[in-house]
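Below: the structure, in structure tokens.
The values are calculated or read from the model by the stated rules, or taken from the named source; none is laboratory data. Just so we're clear, the structure is a prediction, and the values are computed from it rather than from any experiment. Neighbour counts are summed over all protein chains in view; Cβ atoms, including those assigned to glycine, are modelled from backbone coordinates with ideal geometry. Just the protein is used for accessible areas: all its heavy atoms, side chains included, with ligands, DNA and RNA removed. Shrake-Rupley method; radii C 1.70, N 1.55, O 1.52, S 1.80 Å.
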Amino acid sequence: MTSDTKPIFHTLANEGSAIDWNRLLTEILAAFDCSTGTIHTLEHDSQLLHLKAYQGIPEFLLPKMTVIPIGKGMAGVAAERKRPVQICNLQTDESGVARPSAKETKVEGSITVPLMLNGQLHGTLGIGKSVAYEFTLEEEEILMEIGEAISRKIVS
């Protein structure tokens with residue numbers, strides 16, 4: 001992390017205001033020194049993840065990322081497991097968690113965390129760096145806290 005996460009929590013604590021998804025994602029990417037990110041929210045009826053904000057994603061990949069089934073790709077797997085999923089280098093990963101088209105983002109170090117509140121899934125947050133990187137346990141915990149704060153805003 002390169003900067004303070006207080007502005008993120010301040011933005012999310014602002015009572016009565018709607019979420020500015022793009023601004024929120026920009027703040028998160030800046031705090032974790034990342035170039036790419038997505039925020040998906042869960043539509044409970046369909047159990048599909050819907051894209052709310054993105055940054056650094058090539059336009060031609062957007063159709064594949066707009067709606068994601070639980071269990072597919074990093075966002076879908078994080079949602080299914082209800083815990084973070086990370087890949088140190090997406091370009092060389094052979095785990096099968098990331099979709100083959102994910103390599104076209106040119107991202108290497110990436111993590112996706114579920115947006116959880118009281119054991120309920122509300123979506124996912126994914127961020128990535130253009131270099132190989134393993135997110136620390138502390139970074140993972142902070143991202144989960146951000147996910148909980150986002151979930152509080154979604155359900156309020």
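Kindly list the number of the only condition in (1) of a type outside the set (K, R); (2) open to solvent by 80 Å² or more (accessible area, probe 1.4 Å); (3) modelled with pLDDT of 90 or more that fails for N14.
It fails just one condition, (3).
Scan region 50-86 residue by residue and report those that are open to solvent by 50 Å² or more (accessible area, probe 1.4 Å) and either of a type in the set (V, I, T) or at positive phi (or both).
Listed by number, the residues that qualify are T66, V67, I70, K82.
Could you run through region 1-33 and say how many residues are assigned to a helix (DSSP H, G or I), closer than 14 Å to Y54 by Cα and not hydrophobic (A, V, I, L, M, F, W, C)?
Of the residues in region 1-33, 4 are assigned to a helix (DSSP H, G or I), closer than 14 Å to Y54 by Cα and not hydrophobic (A, V, I, L, M, F, W, C).
Specify the residue that is nearest to F60 (Cα to Cα); the eligible residues are those in region 96-134 that are at pLDDT 95 or above and assigned to a loop (DSSP other than H, G, I, E, B).
Looking at the filtered set, the residue picked out is G119.
Quickly run through region 116-145 and pick out the residues that are over 21 Å from G73 (Cα atoms), among the β-branched types (V, I, T) and touching a Ser or Thr at 6+ places or on another chain (Cβ under 8 Å).
I142
Which one is farthest from the chain's Cα centre (by Cα) among residues in region 109-134 that are farther than 24 Å from Q47 by Cβ and open to solvent by less than 10 Å² (accessible area, probe 1.4 Å)?
G109
With assigned to a helix (DSSP H, G or I), open to solvent by 10 Å² or more (accessible area, probe 1.4 Å) and either at pLDDT 95 or above or not charged (D, E, K, R) (or both) as the only criterion, which of I142, I146, I150 stands out?
That would be I142, the only listed residue that is assigned to a helix (DSSP H, G or I), open to solvent by 10 Å² or more (accessible area, probe 1.4 Å) and either at pLDDT 95 or above or not charged (D, E, K, R) (or both).
I'd like the residue in region 28-49 that is open to solvent by 20 Å² or more (accessible area, probe 1.4 Å) and free of Cβ contacts under 8 Å to residues at least 40 places away in the same chain and, out of all such residues, is farthest from Q86 (Cα to Cα).
So the residue we want is D45.
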